[in-house]
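The values are calculated or read from the model by the stated rules, or taken from the named source; none is laboratory data. The model shown is predicted, which means the values in this text are computed figures rather than measured ones. Quick reminder, even Gly has a Cβ in these numbers, built from the backbone with ideal geometry, and neighbours come from all protein chains shown.
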Amino acid sequence: MTNDRGSLFIRHSSFVIKQMDILFILIPLSVVLGLAILAALGWAVWRGQFEGVEAEGERILKSD
């Protein structure tokens, strides 16, 4: 939708959000999400989730 000056708006429920204003929500949200992903990866490395990944492949190939 456009107003009389030609700028775009998103109408949702009973309020109007300018398209640039949504960036004030999305940019911090993406930074927090990125930090959460890095924290999860760091936790997995710290807890030893990636130790001995070759051992599992060798175990499968060995015949009993």
*In the stretch 1-40, how many residues are assigned to a strand (DSSP E or B) and modelled with pLDDT of 65 or more?*
1
*Residues in the stretch 41-56 that are part of a helix (DSSP H, G or I) and surrounded by 10 or more Cβ atoms within 10 Å (Cβ to Cβ): how many?*
5
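Could we say that Val45 is β-branched (Val, Ile, Thr) and modelled with pLDDT of 95 or more here? Full working, then the answer.
Working: β-branched (Val, Ile, Thr): yes; modelled with pLDDT of 95 or more: no.
Taking the combined requirement at face value, the residue does not satisfy it.
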